[in-house]
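Engineer: Sharing a structure with you now.
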Number of protein chains: 2
Amino acid sequence: MDRARRVTLATVASALGVSRATVSNAYNHPERLSPRMRNRVLHTARELGYAGPHPLAATLSRGRVNALGLVHGAPMSFGFSDPAAVLFLQGVSEVCEREDLALVLIAGGPDSAVARVALVDAVVCYCDVPAEGGLATIVERGLPFVVVDGPRLPGAGHVGIDDRRGAEVAARHLLDLGHTRFGVVAMPLLEDGREGTADLERQARTRYRASRERLAGYREAIEAAGHDWAAVTVEERSPYGRDAGGRAAAALLARDPHPTALLAMSDELALGAMAAAADAGLAVPGDVSVVGFDDVPAAADAHPPLTTVRQPHREKGRLAASLLLRPGGVHDDEHHLPVELVVRGSTAPPPAR
Amino acid sequence: MDRARRVTLATVASALGVSRATVSNAYNHPERLSPRMRNRVLHTARELGYAGPHPLAATLSRGRVNALGLVHGAPMSFGFSDPAAVLFLQGVSEVCEREDLALVLIAGGPDSAVARVALVDAVVCYCDVPAEGGLATIVERGLPFVVVDGPRLPGAGHVGIDDRRGAEVAARHLLDLGHTRFGVVAMPLLEDGREGTADLERQARTRYRASRERLAGYREAIEAAGHDWAAVTVEERSPYGRDAGGRAAAALLARDPHPTALLAMSDELALGAMAAAADAGLAVPGDVSVVGFDDVPAAADAHPPLTTVRQPHREKGRLAASLLLRPGGVHDDEHHLPVELVVRGSTAPPPAR
DNA sequence: GCGTGCTATTGAACCGGTTCACCGCAGCGG
DNA sequence: CCGCTGCGGTGAACCGGTTCAATAGCACGC
């Protein structure tokens with residue numbers, strides 16, 4: 001079976017009595033060979049069952065593997081369950097497709113064994129890691145990379161949105177509608193996986209950039225309107241799914257009086273929150289308004305359609321990938337994409353007293 | 001800048017005056033070295049800014065890259081827009097994650113330039129290609145592979161479902177409810193991208209296995225109930241999205257009398273069809289019943305929730321990946337996963353005359 | 001008949017490691 | 001003091017190509 005010596009470029013060369021360089025040229029630089037020779041080579045190769053230069057070996061000399069890596073903060077399989085991540089992936093893959101690049105999904109996070117050895121030319125880090133020490137593996141490998149939605153790192157590109165402003169706009173929308181009692185359906189603030197109400201002290205220690213910024217945005221808007229932030233309950237749940245949103249909202253709505261407006265840090269959380277409201281016998285937006293963040297496709301399809309902050313997920317993916325392909329290498333500059341409030345049916349003035 | 005000779009394993013070796021083998025061992029076989037030597041090596045490496053053995057080179061000697069490839073029939077970016085494909089990907093990625101493998105998304109289909117050179121140990125083909133000549137590139141490269149939802153190929157594994165039975169069950173459900181006038185919302189039958197009503201002749205030439213089998217299933221059930229298949233309109237649309245389903249359904253529902261039951265070949269098509277029905281002023285399921293295929297998450301969330309044929313997408317992904325990792329290599333055997341009718345709210349008896 | 005200019009082909013170095021048979025040497029039992 | 005064992009370390013072959021300076025062969029102009 002495998003005893004049979006693998007047929008390599010050298011096999012073909014010696015079968016024809018030509019040099020290896022010639023065989024190599026037949027594949028990579030046809031114009032340097034006489035058509036006759038080229039045909040002989042290709043023909044013999046076919047006869048011998050030689051499938052062409054081994055990509056790995058070729059790559060070793062050339063120094064390029066023609067692949068973009070993508071590392072996820074959360075487990076990779078989660079990546080596919082989060083619709084926002086899927087849109088992002090779609091953006092990245094569009095660029096890869098156009099540029100004839102493979103897209104390598106790197107499991108286990110930025111410091112996994114896979115990240116250490118994955119065969120890629122550059123990597124997109126779609127994760128919100130702590131600024132210090134995060135991505136150490138990637139940095140050490142010396143690969144060009146861009147961080148999306150995460151911290152700014154020296155030498156790396158950065159793509160993100162203005163989370164704070166997005167959150168602020170969402171909160172202001174509810175304030176404008178006349179709401180005064182708010183609850184926040186929060187993504188994790190720290191890595192400890194704790195669930196529950198996050199007090200001011202915990203809020204101050206928030207490690208994830210997105211969570212921190214969105215929280216800050218809510219707060220700014222609410223305080224600017226003259227309300228007391230300390231009166232706003234922040235319910236933190238983990239991980240990111242609808243379930244989490246449902247549990248957080250259930251806790252918020254069980255309070256008396258319950259908030260009339262829920263600020264959800266993502267659409268998935270918001271969608272879960274809407275379901276929880278229904279379970280609690282509350283109408284959205286009649287009894288309680290909900291605003292999300294992300295504008296994933298399911299937001300528009302929800303009942304009622306979800307008011308949310310749109311961010312250009314696909315565009316973020318495209319941009320991140322493009323930055324890595326720029327001729328001059330990665331400049332460590334920052335790209336902020338626009339956010340926009342999309343008002344739909346899940347928000348309304350608070351119920352009359 | 002790059003003038004500075006890259007620091008390689010040899011650099012470290014000569015800096016220490018030891019052999020390259022020793023440095024290599026420090027990383028790969030610590031137990032073969034005295035702790036003292038190992039520390040010296042690691043320390044010097046760090047000092048020199050050596051990030052460890054170049055994965056590419058390591059891989060060349062070892063012969064394994066620790067990566068699984070995934071090739072898509074449709075453009076890769078489509079892959080992410082189809083929720084069924086996303087679930088499948090999730091399944092594959094779970095296995096990759098568990099096994100510390102990278103997951104390489106190969107753009108441009110099974111015969112693209114990327115497929116020719118992608119650095120992978122084995123590949124999952126998630127595509128319905130013609131049995132003859134499809135996947136030629138993969139076959140030539142001699143990579144182990146498994147085909148999902150496509151044709152059986154010698155030497156390759158196969159994972160699929162019983163599409164025919166699934167379709168049959170769906171149709172029988174509608175028949176049991178008393179329906180007699182059917183319309184089929186079809187995925188593409190041929191590669192020509194044609195849209196419109198597919199007559200019997202075109203149906204007979206169907207190239208895609210899934211389309212062919214599902215059509216056959218519908219037909220068997222309907223004929224078994226004593227109805228005339230020729231009276232069933234098959235509306236083919238391309239590509240696979242909701243829009244396509246909407247357009248097909250609009251055409252079907254514009255007929256007079258319109259069908260009271262729509263058999264959609266996928267949930268995305270079905271969801272589009274439901275929207276089209278609403279646009280046409282028809283109630284689902286009051287005026288028209290709709291049944292899908294796939295049971296994607298959005299099916300249960302739809303209004304009304306969609307009756308559909310469930311297939312285990314995630315499980316398919318897991319199985320396909322697992323087959324490639326089996327110690328003995330890929331056995332060319334066939335794995336059929338179960339399908340199951342899920343009755344929800346989109347089907348009901350036809351309206352009274 | 002000879003220098004010139006091409007083109008087709010080649011040899012050797014190189015990409016950056018891994019592996020394995022082998023060897024020197026320290027410690028140990030006798 | 002000797003031979004044996006086993007550990008720590010080494011040299012050389014190998015993985016499968018690419019690249020580039022050099023060369024051989026040939027037509028051409030003069």
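Engineer: Out of the residues in segment A:105-119 that are touching a Pro at 6+ places or on another chain (Cβ under 9 Å) and within 7 Å of another protein chain (Cβ to nearest Cβ), state the one that is surrounded by the most Cβ atoms within 10 Å (Cβ to Cβ).
Structural biologist: This residue is A:Ala118.
Engineer: Filter segment B:293-317 for residues that are of a type outside the set (Phe, Trp, Tyr), assigned to a loop (DSSP other than H, G, I, E, B) and under 17 Å from B:Gly166 (Cα atoms) and give the result.
Structural biologist: B:Asp295, B:Val296, B:Leu306, B:Gln311, B:Pro312
Engineer: Give all pairs with beta carbons closer than 6 Å in which a residue from segment A:49-68 that is modelled with pLDDT of 95 or more meets a residue that is among the charged types (D, E, K, R) and within 8 Å of DNA strand D (Cβ to nearest atom); count only pairs at least 6 apart in sequence or on separate chains.
Structural biologist: Here the result reads none, with nothing in segment A:49-68 linked to a residue that is among the charged types (D, E, K, R) and within 8 Å of DNA strand D (Cβ to nearest atom).
Engineer: Restricting to segment B:128-150, count the residues that are surrounded by fewer than 21 Cβ atoms within 10 Å (Cβ to Cβ) and in contact with a Leu (Cβ under 9 Å, 6 or more places away or on another chain).
Structural biologist: Total satisfying the criteria: 3.
Engineer: Looking at A:Gly183, A:Gly217, A:Gly166, which is the one that is at pLDDT 95 or above and farther than 24 Å from A:Gly73 by Cβ?
Structural biologist: Selected residue: A:Gly183, the only one of A:Gly183, A:Gly217, A:Gly166 that is at pLDDT 95 or above and farther than 24 Å from A:Gly73 by Cβ.
Engineer: A follow-up question, please. Only residues that are away from DNA strand D (no atom under 12 Å from the Cβ) and within 25 Å of B:Leu143 (Cβ to Cβ): list them for segment A:31-48, please.
Structural biologist: A:Leu42, A:His43, A:Thr44, A:Arg46, A:Glu47
Engineer: Moving to a separate point now. Do any helices (runs of 4 or more DSSP H) lying entirely in segment A:8-104 carry at least 2 residues that are within 9 Å of chain B (Cβ to nearest Cβ), under 30 Å from B:Arg98 (Cβ atoms) and more than 16 Å from DNA strand C (Cβ to nearest atom), and which ones are they?
Structural biologist: So the answer is A:76-79, A:83-98.
Engineer: Name the residues in segment B:278-315 that are away from every other protein chain (no Cβ under 14 Å) and under 20 Å from B:Arg98 (Cβ atoms), would you?
Structural biologist: Answer for segment B:278-315, where residues must be away from every other protein chain (no Cβ under 14 Å) and under 20 Å from B:Arg98 (Cβ atoms): just B:Pro312.
Engineer: Taking interchain pairs and intrachain pairs at least six residues apart, which have beta carbon atoms under 9 angstrom, with the first residue in segment A:17-35 and closer than 20 Å to A:His54 by Cβ and not assigned by TED's automatic domain parsing to the domain that holds A:Pro53 and the second part of a helix (DSSP H, G or I) and more than 7 Å from DNA strand D (Cβ to nearest atom)?
Structural biologist: Short answer, once both residue conditions are applied: none.
Residue-by-condition table, conditions (1) in contact with a strand residue (DSSP E or B) (Cβ under 8 Å, 6 or more places away or on another chain); (2) surrounded by fewer than 18 Cβ atoms within 10 Å (Cβ to Cβ); (3) modelled with pLDDT under 95:
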position	(1), (2), (3)
B:Ala251	yes, no, no
B:His258	yes, no, no
B:Asp279	no, yes, no
B:Ser289	yes, no, no
B:Asp301	no, yes, yes
B:Gln311	yes, no, no
B:Arg353	no, yes, yes
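Engineer: Next question. Please determine whether any residue of segment A:139-148 is in contact with a strand residue (DSSP E or B) (Cβ under 8 Å, 6 or more places away or on another chain), in a strand (DSSP E or B) and of a type outside the set (Val, Ile, Thr).
Structural biologist: So far as segment A:139-148 goes, yes, one or more of its residues are in contact with a strand residue (DSSP E or B) (Cβ under 8 Å, 6 or more places away or on another chain), in a strand (DSSP E or B) and of a type outside the set (Val, Ile, Thr).
Engineer: Take the residues in segment A:246-295 that are among the acidic types (Asp, Glu) and within 18 Å of A:Pro351 (Cα to Cα), then tell me which one is nearest to the chain's Cα centre (by Cα).
Structural biologist: A:Asp287
Engineer: Working carefully through the options B:Ala156, B:Ala122, find the one that is buried (at least 20 other Cβ atoms within 10 Å of the Cβ), closer than 27 Å to A:Asn28 by Cβ and more than 14 Å from the chain's Cα centre (by Cα).
Structural biologist: None of the others qualify; the one that does is B:Ala122.
Engineer: Step by step: first the residues of segment A:90-110, then only those that are touching a strand residue (DSSP E or B) at 6+ places or on another chain (Cβ under 9 Å) and charged (D, E, K, R), then the one that is nearest to B:Gly109 (Cα to Cα). Which residue is that?
Structural biologist: A:Glu97
Engineer: Among the listed residues B:Ala51, B:Ala58, B:Ala13, identify the single one that is within 16 Å of DNA strand D (Cβ to nearest atom), closer than 22 Å to A:Val139 by Cβ and surrounded by 13 or more Cβ atoms within 10 Å (Cβ to Cβ).
Structural biologist: The conditions single out B:Ala58.
Engineer: Residue check, B:Glu99 against (1) away from DNA strand D (no atom under 12 Å from the Cβ); (2) within 22 Å of A:Asn66 (Cα to Cα); (3) not aromatic (Phe, Trp, Tyr), all met but one. Which one?
Structural biologist: (2)
Engineer: Within segment A:318-344, which residues are in contact with a Pro (Cβ under 8 Å, 6 or more places away or on another chain), crowded, with 16+ Cβ neighbours inside 10 Å and part of a loop (DSSP other than H, G, I, E, B)?
Structural biologist: A:Val330, A:Arg344
Engineer: With respect to A:Leu87, is the statement that it is in the same structural domain as A:Gly133 (by TED's automatic domain parsing), within 19 Å of B:Ala67 (Cα to Cα) and more than 13 Å from DNA strand D (Cβ to nearest atom) true?
Structural biologist: In short, no.
The values are calculated or read from the model by the stated rules, or taken from the named source; none is laboratory data. None of the values given here were measured: they were computed from a predicted structure. Because the Cβ atoms are built from the backbone with ideal geometry, glycine has one as well, and the counts that use them run over all protein chains shown.
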